[in-house]
Amino acid sequence: MSEAEKPLPLDAWHRARGGRMVPFAGYAMPVQYEGIIAEHLWTRQSAGLFDVSHMGQLLVAGAEAEKGLEKLLPADLAGLKEGRLRYSLLLDVDGGIVDDLMVTRRGDHFYVVVNGATKAGDIDYMRDKLPGGVVLDHMKEQALLALQGPKAVDALARLAPGVEELGFMTGGAFAIGGARAWVSRSGYTGEDGFEISVAARDVEAVAEAIAGQPEVKPIGLGARDSLRLEAGLPLYGHDLDIGTTPVEAGLAFALSKRRRAEGGFAGWHRIMKELADGPIRMRVGLFVEGRQPVREGAMMVDVEGSEVGKVTSGGYSPCLERPIAMAYVPLAYAAAGTRVSLAARGKLFAGIVTPMPFVPHRYHRKGAAA
């Protein structure tokens, strides 16, 4: 591990279980244990435990916290009930996506989870833009685990009775293995599952208790990426960036009805124009013919060989047993069924635009946030 790579609180735990560690977002993280495809399929069939402690966990508090956050996010935080989560977007003045995130109302504060690779910039941006008197605390002492898959609820309910009552995008406080934890029914795989915030000093005991359940295996970054790709979920820094708007990215669902009507959030005027007139380009899903996947950076070309779009994520789908990808394309190419040509590695690949998700989501909708 180089000096530039910080160890996660569970570093030794991962290594003891055969985790192959790689640098990611400034940390040494497990990319796989027994193999990406095996771990991917296990998560889809049973339950996988992911260490996502590299992500930024923030606490935002103060009398003006709600109003201040609503100037940066297009979410209806005023209507967000206690213990409910929202997927939202941190936006700049031009409507570009600074980051995508999850925000939860917890008592007198908001709990915000941002991406690991962008957390330092997010914190600086939010501190600069939030009103005076609003406190933003980077909860460095907290670790974060994700338990994902159709049997995740069976495994976690043995350790934390009551979690089975949580609906999708709701959370609450629970005890797991004698440790206090915040548990939300959410995740990044398209499966039912939970994210578990726990003090770093307690995370090994919690991980050991969860991984000790017969349904659960530890899963690495490789399968996390292939799972989210099958689920059609964008990854910041690849499918989303400061030059991308929510409408282009197909994330208009994150723009709440009240906020669309009232405005007042960063980039509102540009975003509303795109909603009314349509964006210049859109994020789409692609099936790629053959067995070889096309990766990020592959070009979509027209009949004359000129670039008209670009692949932002691509890989092999273990569930569908075929290559899939996401790309940004002009609206003329965005309709499902459109046949396209992709240039990669000096070859041309045939693709077809297809709706996402590639694999259906299986979230537990009971009690979902209104």
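Being acidic (D, E) and either within 21 Å of R228 (Cβ to Cβ) or in contact with a helix residue (DSSP H, G or I) (Cβ under 8 Å, 6 or more places away or on another chain) (or both): is that true of E321 here? It is true that E321 is acidic (D, E) and either within 21 Å of R228 (Cβ to Cβ) or in contact with a helix residue (DSSP H, G or I) (Cβ under 8 Å, 6 or more places away or on another chain) (or both).
Those strands (runs of 3 or more DSSP E) of the stretch 264-321 in which 1 or more residues are within 22 Å of D241 (Cβ to Cβ) and in contact with a Lys or Arg (Cβ under 9 Å, 6 or more places away or on another chain) occupy 299-301, 307-317.
Residues of the stretch 4-33 being over 25 Å from G56 (Cβ atoms) and without any contact (Cβ under 8 Å) to a residue 60 or more places away in the chain, which ones? Across the stretch 4-33, the qualifying residues are A16, G18. Checking each residue in the stretch 128-157 for being of a type outside the set (D, E) and in a helix (DSSP H, G or I) picks out K129, A152, V153, A155, L156, A157.
Flag: V98 matches the condition of being over 28 Å from A205 (Cα atoms), of a type in the set (V, I, T) and part of a strand (DSSP E or B). Of all the listed residues (R291, R224), the sole one being touching a residue at least 12 places away in the same chain (Cβ under 8 Å) and either under 15 Å from V329 (Cα atoms) or not assigned by TED's automatic domain parsing to the domain that holds M169 (or both) is R291.
Scanning the stretch 191-217 for residues that are surrounded by 23 or more Cβ atoms within 10 Å (Cβ to Cβ) and in contact with a Pro (Cβ under 7 Å, 6 or more places away or on another chain) turns up E191, V203. Candidates are the residues of the stretch 316-337 that are under 15 Å from I280 (Cβ atoms) and of a type in the set (S, T, Y); the one that is modelled with the lowest pLDDT is Y333.
The residue that is surrounded by the fewest Cβ atoms within 10 Å (Cβ to Cβ), counting only those in the stretch 29-86 that are under 18 Å from the mean Cα position of the chain (by Cα) and assigned to a helix (DSSP H, G or I), is R44. Scan the stretch 71-98 for residues that are touching a helix residue (DSSP H, G or I) at 6+ places or on another chain (Cβ under 9 Å) and on the phi > 0 side of the Ramachandran plot and the total you get is 1. Of all residues in the stretch 298-335, those that are surrounded by fewer than 19 Cβ atoms within 10 Å (Cβ to Cβ) and without any contact (Cβ under 8 Å) to a residue 40 or more places away in the chain total 12.
The values are calculated or read from the model by the stated rules, or taken from the named source; none is laboratory data. Predicted, not measured: the structure shown is a model, and the values here were computed from it. Backbone-built Cβ (ideal geometry, glycine too); neighbour counts: all protein chains shown.
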